[in-house]
1. Would you confirm, using the coordinates I've provided, whether Glu12 is over 18 Å from the mean Cα position of the chain (by Cα), part of a helix (DSSP H, G or I) and not assigned by TED's automatic domain parsing to the domain that holds Phe236?
2. State all residues of the stretch 105-129 that are touching a Lys or Arg at 6+ places or on another chain (Cβ under 9 Å) and assigned to a helix (DSSP H, G or I); if no residue qualifies, say none.
3. If Ala139 satisfies all but one of (1) surrounded by fewer than 16 Cβ atoms within 10 Å (Cβ to Cβ); (2) in contact (Cβ under 8 Å) with a residue 40 or more places away in the chain; (3) in a loop (DSSP other than H, G, I, E, B), what's the number of the condition it fails?
4. Would you mind telling me which numbered condition in (1) surrounded by fewer than 18 Cβ atoms within 10 Å (Cβ to Cβ); (2) touching a residue at least 24 places away in the same chain (Cβ under 8 Å); (3) of a type in the set (A, V, I, L, M, F, W, C); (4) more than 15 Å from Asp234 (Cα to Cα) Val174 fails?
5. Scanning the stretch 32-54 for residues that are in contact with a helix residue (DSSP H, G or I) (Cβ under 6 Å, 6 or more places away or on another chain) and under 14 Å from Pro239 (Cα atoms), which turns out modelled with the highest pLDDT?
6. Looking for whichever is closer than 27 Å to Ser144 by Cα and part of a helix (DSSP H, G or I) here; the options are Gly46, Gly91. Which one fits?
Amino acid sequence: MSVLTIRQAKPEDVAASAKICYEAFYKINTDHGFPPDLPAVEQAAGLMSAMFVHPGFYCLVAEEGGRIVGSNCMDERSPIAGIGPITVDPGAQNRGVGRGLMQAVLNRARARNFPGVRLVQAAFHMRSLSLYSTLGFDAREPLSVMQGPAIKKKLEGCIVRPAVTEDLDACNQVSVKVHGHHRGGDLADSIAQGTAAVVERHGRITAYCSSLAFFGHAVGETNLDLQALIAAADGFGGPGILVPTRNAELFRWCLANGLRVAEPMTLMTLGLYNEPAGAYLPSILY
């Protein structure tokens, strides 16, 4: 067996890594009767192209015999690090590639003194659940990926508008109030990209979203705030939004407004974690 080598990803690694990413997600999802999270290799390539060159992401590839067999990325833009996507060539499974990639990013997180690291895993993927648990991650929240037609409603007392750079401090305060930490780096990128939105009630910002999408997150003081964001969205990007299933009020509201569950997932954490004191939607990173 060839020696496993893990190194930092380079732009020229995108094509091989994207192919593996697409094939790995396609296989695990379709094997369990779910649609793939990345329905085309071009989408995987676009994702990895952006992450491999972004200074806020630490991305790695694993090689055996000079051939790429997997990759992993860690979002370092905010105080809590988020891991993913981690993918391994289906032909190289069960040889320690995934564990090696995970251990490498966790070593990086420790070296950079991140107080916490998080990820979201497919709840039907027993191998990844077992791997992450043995590495010290705790399962914190069952999630339902929800997709459906745009609701396009305005909720009384809630003003939803695009977020601007001047909103960043107020949004970070909402996140700190709910989670105990902010996601300002992630949000700043989303504001620049034009995907972020805020909710104003009683003349102040009470919620925001980086986007209403698989890779987007949202935080609000109340369920009403998140309902206003979801109701105002033109659609839900990728497989859908990730709704904490334990938030029964919000979950039932989404169902009543035409959204349906696409797949189950689990939020897992290592290190600092506070039980949220408000409403939120995690992204696929956390």
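1. Working: over 18 Å from the mean Cα position of the chain (by Cα): yes; part of a helix (DSSP H, G or I): yes; not assigned by TED's automatic domain parsing to the domain that holds Phe236: yes.
Criteria met by Glu12.
2. Selection gives nothing.
3. (3)
4. Exception for Val174: condition (1).
5. Among them, the one singled out is Ala44.
6. On the way: Gly91 fails: closer than 27 Å to Ser144 by Cα.
Going through Gly46, Gly91 in turn, just one is closer than 27 Å to Ser144 by Cα and part of a helix (DSSP H, G or I): Gly46.
Per-residue answers, yes or no, for (1) at pLDDT 95 or above; (2) touching a helix residue (DSSP H, G or I) at 6+ places or on another chain (Cβ under 7 Å); (3) polar (S, T, N, Q); (4) more than 30 Å from Val261 (Cα to Cα):
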| site | (1), (2), (3), (4) |
| --- | --- |
| Val69 | yes, yes, no, yes |
| Ala81 | yes, yes, no, no |
| Thr87 | no, yes, yes, no |
| Gln103 | yes, no, yes, yes |
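The values are calculated or read from the model by the stated rules, or taken from the named source; none is laboratory data. Computed from a predicted structure; not experimentally measured. Every residue, glycine as well, gets a Cβ built from its backbone with ideal geometry; the counts of neighbours run over all protein chains shown.
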